[in-house]
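Participant: Below you'll find the structure I mean.
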Amino acid sequence: MSANPTRFVVQKHDATRLHYDFRLEMDGVLKSWAVPKEPPTEAGVKRLAVEVEDHELSYIDFEGTIPEGKYGAGTVEIWDKGTYTLKHRSKDKLVFTLHGQRLKGDYTLIRFKADKNWLLLKNKT
């Protein structure tokens, strides 16, 4: 697929509920998923990842507080960032290698049926 690494970020987002925003630079935007629990760092661990709207590329470096009354109000901090290499892409499945500080190795995102729920898992080596 892609020989050139592209960027990813995981933002810890303490909003209505604490969650992690998992974002992959793709198609000129940040494809984004809200992950209710900490993203997996060990092989075989699976996490729900709910697809949310795309974000602008400039959001990749965002840390700070989103004011009350605004969408996503709460505190955002970068939990991990780095590059990734895309290995496979289809409508319902992404396979990629992450090169971050915390998240390293091969991962898969698989869509449940035809909705916004995906499964994020670290692949066994």
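Matching residues to (1) among the polar types (S, T, N, Q); (2) exposed (fewer than 13 other Cβ atoms within 10 Å of the Cβ); (3) modelled with pLDDT of 95 or more; (4) assigned to a strand (DSSP E or B):
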| site | (1), (2), (3), (4) |
| --- | --- |
| Arg47 | no, no, yes, yes |
| Val52 | no, no, yes, yes |
| Thr65 | yes, yes, no, yes |
| Gly69 | no, yes, no, no |
| Thr83 | yes, no, yes, yes |
| Leu94 | no, no, yes, yes |
| Gly105 | no, no, yes, yes |
| Thr108 | yes, no, yes, yes |
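Participant: Just to be sure I understand, how many residues within segment 77-102 are under 19 Å from Glu63 (Cα atoms) and out of contact with any helix residue (DSSP H, G or I) (no Cβ under 9 Å at 6 or more places or on another chain)? Write out each step before concluding.
Facilitator: First, the residues of segment 77-102 that are under 19 Å from Glu63 (Cα atoms): 77-83, 100-102.
Then drop every residue that is not out of contact with any helix residue (DSSP H, G or I) (no Cβ under 9 Å at 6 or more places or on another chain), which leaves 77, 79-80, 82-83, 100-102.
So the count comes out to 8.
Participant: Looking only at segment 31-77, count how many residues are without any contact (Cβ under 8 Å) to a residue 60 or more places away in the chain and β-branched (Val, Ile, Thr). Reasoning before the result, please.
Facilitator: Initial filter on segment 31-77 (without any contact (Cβ under 8 Å) to a residue 60 or more places away in the chain): 31-32, 34, 36-38, 53-73.
After this cut, where a residue has to be β-branched (Val, Ile, Thr) as well, the list is 60, 65-66.
Adding up the residues that qualify gives 3.
Participant: Among the candidates Glu25, Glu51, Glu42, which residue alone is more than 19 Å from Leu103 (Cα to Cα) and touching a strand residue (DSSP E or B) at 6+ places or on another chain (Cβ under 8 Å)?
Facilitator: Going through Glu25, Glu51, Glu42 in turn, just one is more than 19 Å from Leu103 (Cα to Cα) and touching a strand residue (DSSP E or B) at 6+ places or on another chain (Cβ under 8 Å): Glu51.
Participant: Taking only segment 110-125 into account, find how many residues are surrounded by fewer than 14 Cβ atoms within 10 Å (Cβ to Cβ) and among the charged types (D, E, K, R).
Facilitator: Looking only at that region, the number is 4.
Participant: Could I ask something else about it? Which of the residues belonging to segment 10-45 are in a strand (DSSP E or B) and under 20 Å from Asn123 (Cβ atoms)?
Facilitator: At the first step, the residues of segment 10-45 found to be in a strand (DSSP E or B) are 10-14, 18-26, 29-35.
Scanning segment 10-45 gives Val10, Tyr20, Phe22, Arg23, Leu24, Met26, Lys31, Trp33, Val35.
The values are calculated or read from the model by the stated rules, or taken from the named source; none is laboratory data. Computed from a predicted structure; not experimentally measured. No Cβ is skipped: glycine too gets one built from the backbone with ideal geometry, and neighbour counts run over all protein chains shown.
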